[in-house]
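The values are calculated or read from the model by the stated rules, or taken from the named source; none is laboratory data. Everything numeric in this text was worked out from a predicted model, so none of it was measured. Here the Cβ positions follow ideal geometry from the backbone for every residue, glycine too, while neighbour counts run over all protein chains shown. Surface accessibility is based on the protein's heavy atoms, side chains included, excluding ligands, DNA and RNA. Shrake-Rupley method; radii C 1.70, N 1.55, O 1.52, S 1.80 Å.
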Amino acid sequence: MIRLLALLAAVLLPAPVLALTLSGDTRWQGAIDFAETVRVESDAVLTVAPGTLVTFRGGGLEVAGRLQADGARFTGQDWDGIVLKGCGAETLLHDCIVEGARTGILVRGGQPRLEGLTLTDNGVGMELRQKTDASVSGCSFRNNAKVGLFVKDEATAAVIGSRFEGNGRFGAYIYRALPRRFSGNVLAGNPTGLMVSHFGSDPRIEGNRFEQNGLGILVDRAAKPVLAGNLLRGNGTGIRLYRRSDPRVEGNRLEGNEVGVSVAFSSYPLLVGNDLAGNGTALLLEFQSSDWERAQGSVAREAQASARGAFGQSSRSEVTEDERRPRQLSGTVDARGNWWGTDGTSELARIGSEGNPSFIEDGRDTPTFVDAGKSYPLDRALFAPWSGKPLTTDTIDTP
Amino acid sequence: MLRHCLTILAAVLLAACTPEGETGVEGTLLFRDRPLAGAQVEVYLKGEKDRSTLPFAVTSTDERGRYRVSVPPGRYFLIGKKKETAPGGQVRMLMAECPANPLEVAAGTKQVAPFSLREMGRDGALVPDRDTGVAGRVTAGGEPLSGAFVYVYTEGASGLMGPSYGEAVQTDADGTFSVGLPAGRYFLAARKRADGSRMGEPQAGDLNGTYPGNPLQVEKGRTVQLGAFALKAVDAGERLERLRQGKFARTETSFSGRLVDQDGEPAPGVYVFAYLDSRMVGKPTYISAPAGDDGGFRLFLGGGGTYFVGARSAYGGPLEPGEWVGTFDGQPDHGVTVRRGESAPLGDIVVREVW
């Protein structure tokens, strides 16, 4: 009760207050300043009324109970942000702004609902971890210094209808996690729109729009997502598959990118049913060689695994080499059954399946590459049979 | 009389110098009832092995699983351990305390009965003996506590915190739990974190407790019934004080320096770790407080010695994207020696952001 009275005093008086623990139901409204962390205990409910301005001059808001905030603004400079610890679906943040925090909202477990939020000018806009099954919808992640949205740690959250724009490094980053949905999002103007990284990150990325990013989608380190029905337009590279990444890339439209799809370092995706017309280079193979994989692949991966120990000396054993190695090494990347555009189709009709298409750069153009003083043959793309017409006109459904 | 005493003393000293006067321990390590070659045997002076002290003596088992180590007369504690790759390819840690601890070594070589190592950690839980283990009910405020994690540690030196537990189980809806174990001596702790997670340092408001009857002796063929195991909420003030008294405690021996990024700009908020083990894995022996806004840090140490120093923006768990990490690079092995009572300047430690 004393704590509650102290909080009421804090609401009524303009002076900042120190650490507080809320153990009962509490309602905030108006303008409130805090100098240290406010904790909402597991049985408590904190309601933040529309129009409330909550300023943190230090600390942050830690919620183990329930938080219901609508139309509020949480602000500060380099504050800790909002931490939701195992909050259930009754916790709802709607139409709020969270800004200026090291991590705007950190979700640890639970199933909170995060709807229509604006996360801007934070270090990381939002981080979802510890198997959280949160729902993120209609949010805007803008101008966060590092990452708009981090999905980590086996989180199964749904991320839908959100916009990721102008973030410092990545619009969204999926790291060892399996979001149950990642669709209907727009990722624009980020150095990398979406990163999907590490073995075990196999989500379905569907129906999103990637525009004007340095890289639209980067798949790295043995991740195996399904990339389906996305529109990738005007990026430096639409999709980059790197270091043993074998996604299924199906039914996407890639247009106006400098490079449509880039494949490197023992990545063997399946590219099928995509429209790849109107890119500078539709498909680019770099440092991609079955021979290199046989000779150096496991050694390189072991070095990467060792580097995962914080100080480089340890090797973690969660992923075995057998799980990461390619199943077959034929010296080819499967890109059959795609539409390469009207001009591309004419060219293919002219040169046939044994020709060297101008829009694919592979071992036909650069027969070898050198690594550690040794020459390796560059893989080739299989492109025949190809589609004689666009494939995604009626199927792409992006925001 | 003096000549007589000197004669006796000389005889005693001579006896001590002969091979017959050598003292030590010897025995055999097993795993699943078979001799275990290439395992490490560590001899400690204390039972609650303090990870900040090195073993008194170390040896390895030969191809028949046998070991022999010379130690002066005294009271000792043996631990056997081996890290190896299992047939399935996963790395596993085998470990056990000698059931005969403490060992009194008086004269000659003490024969230690063979004992078996057990598989530890996340890659392989303890392998239980039949009908053997621990059961009980976790409570908070007198009420049954569902969903709490009960952790079984084989050593108490970790403070019953961190990932070195051998087994962990979660309580049922009525707060009860049961865990099968091999016979042995165990330490139990239980926690329920507000975010429901299994790992991580308990935060203010989380429920936490160690079993007051630790260590528990579990005999083969018997399940120990603990009854109620009560947890209490972690108090924010107590937690801060514990941190101050623990790894952040001020001592007269320390490292100091500055953490900077690759452009030489200060890297505030990053911790500095000191390990006794050059591999720099697992829990560090000492951790600094986060570096200040100017990147400055001071890492207090429990005593002099050679430490292997690294820096990281988070502690616990594998390295994640977005973290800052670096090492002291004054020596290739990242080691630096300091004498007790000294404050050794390390200069700048460069950290980089990992993506």
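Filter segment B:278-297 down to the residues that are open to solvent by 40 Å² or more (accessible area, probe 1.4 Å) and either within 14 Å of residue B:327 (Cβ to Cβ) or more than 11 Å from every other protein chain (Cβ to nearest Cβ) (or both) and list them by number. Full working, then the answer.
Step one: filter segment B:278-297 for residues open to solvent by 40 Å² or more (accessible area, probe 1.4 Å), giving B:278-279, B:281-283, B:289-290, B:293-294.
Result: B:278, B:279, B:281, B:283, B:289, B:290, B:294.
So residue A:82 clears everything in (1) over 17 Å from residue A:93 (Cβ atoms); (2) surrounded by 17 or more Cβ atoms within 10 Å (Cβ to Cβ) except one condition, right? Which one?
Of everything listed in (1) over 17 Å from residue A:93 (Cβ atoms); (2) surrounded by 17 or more Cβ atoms within 10 Å (Cβ to Cβ), residue A:82 misses just condition (1).
Take residue B:270 and tell me if it is without any contact (Cβ under 8 Å) to a residue 24 or more places away in the chain, within 14 Å of chain A (Cβ to nearest Cβ) and either crowded, with 20+ Cβ neighbours inside 10 Å or over 29 Å from residue A:167 (Cα atoms) (or both). Talk me through it step by step, then tell me what you get.
Working: without any contact (Cβ under 8 Å) to a residue 24 or more places away in the chain: no; within 14 Å of chain A (Cβ to nearest Cβ): yes; either crowded, with 20+ Cβ neighbours inside 10 Å or over 29 Å from residue A:167 (Cα atoms) (or both): yes.
For residue B:270, the condition - without any contact (Cβ under 8 Å) to a residue 24 or more places away in the chain, within 14 Å of chain A (Cβ to nearest Cβ) and either crowded, with 20+ Cβ neighbours inside 10 Å or over 29 Å from residue A:167 (Cα atoms) (or both) - is not met.
Under the condition of being open to solvent by less than 20 Å² (accessible area, probe 1.4 Å) and not small (Gly, Ala, Ser), which residue from segment B:126-144 is modelled with the lowest pLDDT?
Quick first cut of segment B:126-144, residues open to solvent by less than 20 Å² (accessible area, probe 1.4 Å) only: B:126, B:132-136, B:138-139.
Filter once more, keeping what is not small (Gly, Ala, Ser): B:126, B:132, B:134, B:138-139.
On the way: B:126: 68, B:132: 89, B:134: 94, B:138: 96, B:139: 95.
Looking at the filtered set, the residue picked out is B:126.
How many of the residues making up segment A:87-102 are open to solvent by less than 30 Å² (accessible area, probe 1.4 Å) and within 11 Å of chain B (Cβ to nearest Cβ)?
Result for segment A:87-102: 2.
If you take the residues of segment B:174-192 that are over 23 Å from the mean Cα position of the chain (by Cα) and in contact (Cβ under 8 Å) with a residue 40 or more places away in the chain, which of them is least open to solvent (accessible area, probe 1.4 Å)? Talk me through it step by step, then tell me what you get.
Keep residues of segment B:174-192 that are over 23 Å from the mean Cα position of the chain (by Cα), which gives B:174-178.
Keeping just the survivors that are in contact (Cβ under 8 Å) with a residue 40 or more places away in the chain gives B:176-178.
Values: B:176: 41, B:177: 10, B:178: 84 Å².
Applying the filter and picking the extreme gives B:177.
Hey, can you tell me all the residues within segment A:22-65 that are within 12 Å of chain B (Cβ to nearest Cβ) and either charged (D, E, K, R) or crowded, with 20+ Cβ neighbours inside 10 Å (or both)?
Taking segment A:22-65 first, the residues within 12 Å of chain B (Cβ to nearest Cβ) are A:22-23, A:36-44, A:59, A:62-65.
Hits for segment A:22-65 are A:22, A:36, A:37, A:38, A:39, A:40, A:41, A:43, A:62, A:63, A:64, A:65.
Looking only at segment B:298-342, how many residues end up being among the charged types (D, E, K, R) and at the interface with chain A (Cβ under 9 Å from one of its Cβ atoms)?
Start the filter on segment B:298-342 by keeping residues that are among the charged types (D, E, K, R), which leaves B:298, B:312, B:320, B:323, B:329, B:333, B:339-340, B:342.
Remaining after also requiring at the interface with chain A (Cβ under 9 Å from one of its Cβ atoms): B:312, B:320, B:323.
Going through segment B:298-342 one residue at a time, the tally reaches 3.
I'd like the full set of residues that are surrounded by fewer than 22 Cβ atoms within 10 Å (Cβ to Cβ) and either aliphatic (A, V, I, L, M) or more than 11 Å from every other protein chain (Cβ to nearest Cβ) (or both), limited to segment A:134-153.
A:135, A:137, A:138, A:140, A:142, A:143, A:145
Among the listed residues B:173, B:189, B:157, B:148, which satisfies the condition of being of a type outside the set (Ser, Thr, Tyr), farther than 25 Å from residue B:236 by Cβ and at pLDDT 80 or above? Give the derivation first.
On the way: B:189 fails: farther than 25 Å from residue B:236 by Cβ; B:157 fails: at pLDDT 80 or above; B:148 fails: farther than 25 Å from residue B:236 by Cβ.
Matching residue, one of B:173, B:189, B:157, B:148: B:173.
Considering A:226, A:219, which residue is farther than 11 Å from residue A:171 by Cβ, of a type outside the set (Phe, Trp, Tyr) and surrounded by fewer than 24 Cβ atoms within 10 Å (Cβ to Cβ)?
A:226
Only one of (1) part of a helix (DSSP H, G or I); (2) surrounded by fewer than 21 Cβ atoms within 10 Å (Cβ to Cβ) is not met by residue A:278, so which one is it?
That leaves (1) as the condition not met.
Being open to solvent by less than 10 Å² (accessible area, probe 1.4 Å) and over 17 Å from residue A:330 (Cβ atoms) is the filter here, so list the residues in segment A:242-263 that pass it. Break it down stepwise before answering.
Of all residues in segment A:242-263, those open to solvent by less than 10 Å² (accessible area, probe 1.4 Å) come to A:245, A:247, A:249, A:252, A:254, A:257, A:260-263.
A:245, A:247, A:249, A:252, A:254, A:257, A:260, A:261, A:262 - these are the residues of segment A:242-263 that are open to solvent by less than 10 Å² (accessible area, probe 1.4 Å) and over 17 Å from residue A:330 (Cβ atoms).
Name the single residue, out of those in segment B:175-197 being among the hydroxyl-bearing types (Ser, Thr, Tyr) and away from chain A (no Cβ under 14 Å), that is farthest from residue B:127 (Cα to Cα). So that I can check it myself, show each step before the final result.
Of segment B:175-197, the ones among the hydroxyl-bearing types (Ser, Thr, Tyr) are B:176, B:178, B:186, B:197.
Pick out the ones that are also away from chain A (no Cβ under 14 Å) and you get B:176, B:178, B:186.
On the way: B:176: 21, B:178: 14, B:186: 14 Å.
Going through the qualifying residues, I end up with B:176.
Where residues in segment A:183-203 are of a type in the set (Ser, Thr, Tyr) and closer than 15 Å to residue A:146 by Cβ, which of them is surrounded by the most Cβ atoms within 10 Å (Cβ to Cβ)? Don't jump to the end; show me each part of the working.
Just the residues of segment A:183-203 that are of a type in the set (Ser, Thr, Tyr), to begin with: A:183, A:192, A:197, A:201.
When the remaining residues are screened for being closer than 15 Å to residue A:146 by Cβ, the result is A:192, A:197.
Details: A:192: 25, A:197: 23.
Among those that are of a type in the set (Ser, Thr, Tyr) and closer than 15 Å to residue A:146 by Cβ, it is A:192.
Taking the options B:171, B:210, name whichever one is closer than 13 Å to residue B:153 by Cα, polar (S, T, N, Q) and in contact with a Phe, Trp or Tyr (Cβ under 9 Å, 6 or more places away or on another chain).
Numbers: B:171 fails: closer than 13 Å to residue B:153 by Cα.
None of the other options fit; the residue is B:210.
Filter segment B:193-222 down to residues that are over 27 Å from residue A:63 (Cβ atoms) and crowded, with 18+ Cβ neighbours inside 10 Å, then give me how many there are. I'd like the intermediate steps shown before the answer.
As a first pass, look at segment B:193-222 and keep what is over 27 Å from residue A:63 (Cβ atoms): B:210-222.
Now restrict to residues that are crowded, with 18+ Cβ neighbours inside 10 Å: B:210-211, B:218.
Qualifying residue count, segment B:193-222: 3.
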